[in-house]
Every structure is written in C-alpha cells, then in structure tokens.
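None of the figures in this text is laboratory data; all of them are computed from the coordinates on show. Just so it is clear, the structure is predicted and the values come from calculations on it, not from any experiment. Cβ atoms come from the backbone with ideal geometry, glycine included; neighbour counts cover every protein chain shown.
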Amino acid sequence: MIKEKFKSFLARKMNLKSNAFYACSPHLSPALVDCIKKLTEDQSLGDKAYYEFGLFKGHSLWFAQQIFSVYDQKEISYYGFDSFSGLPKVEGIDEGGGFNEGDYSVSQNEVLLNLEKNSADLNKIQLFKGFFSNEHFRNLEKSNQFKEPCLAVIDCDLYSSTVPVLDFLLPKIKSETYILFDDYNCFEKDDGKGQRLALTEAKQKFPNLKWEELNDFGWHGKTFKASL
C-alpha cells in the first residue's frame, strides 16, 4: 500500500504545475523521507508538528506534507518560518561563508501560491513572517500554541539565525525529534562557526536533551535525533 502511494506521489511530483517550484537543497528531500519513515515505522505520531525554518520557495515544507500523507499521518501540523526577505545582514562570525544579505528571498505570497497550486493542505499549514530572533519567537508564542515537534528542518544558514531557532525549538521536545541542519557542514566544517557552533552552545543550554548524530545529506547537511 505504501509503495503504491509513493508511486502515485512521484508521478504527481514529475508533473508539478510549475517547473520553478524546486528545493534549493535537493539532498534534503531523501533525508526527509528517511526521517519520516523512521518516525512512523511503529507508531502514529498523533497531534505533533513539523517545523521548518527557512522556506525558500516552500518546496521542502510541501514535500514533507506529501510524505507524511503517504504514511497516513493526517494529524500533523506544519509550521513554516521565514523572513520572506532573504537572509539578514551578514556580519561578525557569519562572514566568510559565502552568504549575503537578501539571499534566498521569496515573498510570502509566492510561497503560498506554490503550496496552493501544488495541492498542499493549507488548512494544516501556518506561515510566520519575520527575521529570526529571540524577541521574534517570544512574540509569536504570545499568540500561538505551538505543538510538540516530531521533525524540524533548520535551513537558515547563519549562526546568528540558528541560535534563536534552537532556543525556540528545543524546549518543545517532549520525547524525540529528528532535526535536519541543512547548513551544518558549511563554513568548511569549522566547529567555531555557523550551525555547528550554534548546536554546541545549545547542548550546553539544554543539558537534559540527548543527541544522536545520524547521517550527512549532500555536502552541506546533517541529521540528528534529539530526545529526553
């Protein structure tokens, strides 16, 4: 049954209504499939959520929803976070990684249009606009009840953006969560920069969490499992 659903999904994916709808990181898609398969092997995930930080055109969020649907996980909520203006000003420790202010800028309306015309279930998706900071996420939490994460994609490139994302995400983990750091191996795998440094600091801030380092995807990303 699962194989037949995959065949149907892949057939639809090959006939996307817009050839411009693609992932900036193509290796992320198979990594998502692998995580979702592991998450759903022996359990229904129930009322949990998928989190994505850095949406670009919305393809990975859309793709995750399609794969969860293949595995009959119908109650999952989907949260997408983005400035919709590209990267913030790149300065200090984030310099030298090849990232520039405004990179990956796609408007919120364009992301919504991509999701809609490719048959995403918009009733399950919430998009949140703003540059990532602790203040930004505190403000969001004042007016939203965010669910426990089961899977998260952190594709915000910079140390300065990843730190507040982890401060926001990690306290919500109640059992286990797969986290895909799309830019973990950027900055030439320098442990003192980028997402590597942000994760090192997060492990010190949240010592109650256990971390399992899993596989790389592409040259740039790495998957982890965080659990209590």
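How much of the DSSP beta bridge set in the chain is antiparallel, as a percent to the nearest 5?
40
Which residues in region 54-84 place their backbone N less than 14 Å from a point set 7 Å from the Cα of Ser107 along the Cα-to-Cβ direction?
84
Once amide H atoms are placed 1.01 Å from N in the peptide plane, what residues at a sequence separation of 5 or more from His27, or on another chain, have their amide H within under 5 Å of its amide H?
The list, which skips near neighbours in sequence, is empty: none.
Counting other beta carbons within 10 Å of each residue's own, what order do His27, His59 fall into, fewest first?
His27, His59
Check cross-link reach from Lys225 to the aspartates and glutamates: straight Cα distance under 13 Å, and skip same-chain residues fewer than eight apart.
Asp34, Glu176, Glu212, Glu213, Asp216
If you average the C-alpha positions of region 196-225 and of region 137-167 separately, how far apart do those two centres end up, in angstrom?
15
Restricting attention to region 67-173, which trypsin sites (Lys or Arg not before Pro) occupy a DSSP loop and are surrounded by at most 14 other Cβ atoms within 10 Å?
Passing both the DSSP loop test and the Cβ count: Lys74, Lys89.
Rank these for me by crowding, Ser44, Ser161, going from fewest to most other beta carbons within 10 Å.
By the 10 Å Cβ count, ascending, the order reads Ser44, Ser161.
To the nearest 20 debye, what charge dipole does the chain have about its Cα centre, counting +1 at the Cβ of each Lys and Arg and -1 at the Cβ of each Asp and Glu?
800
Restricting to DSSP loop positions (anything but H, G, I, E, B) with no more than 16 other Cβ atoms inside 10 Å of their own Cβ, which GluC sites (Glu not before Pro) remain in region 41-113?
The qualifying sites are Glu41, Glu75, Glu91, Glu95, Glu101.
Could you tell me which chymotrypsin sites (Phe, Trp or Tyr not before Pro) in region 52-110 are loop residues by DSSP with no more than 14 other beta carbons within 10 angstrom of their beta carbon?
none
Which of Val111, Val33, Val153 comes first, and how do the rest follow, when ranked by fewest Cβ neighbours within 10 Å?
Val33, Val111, Val153
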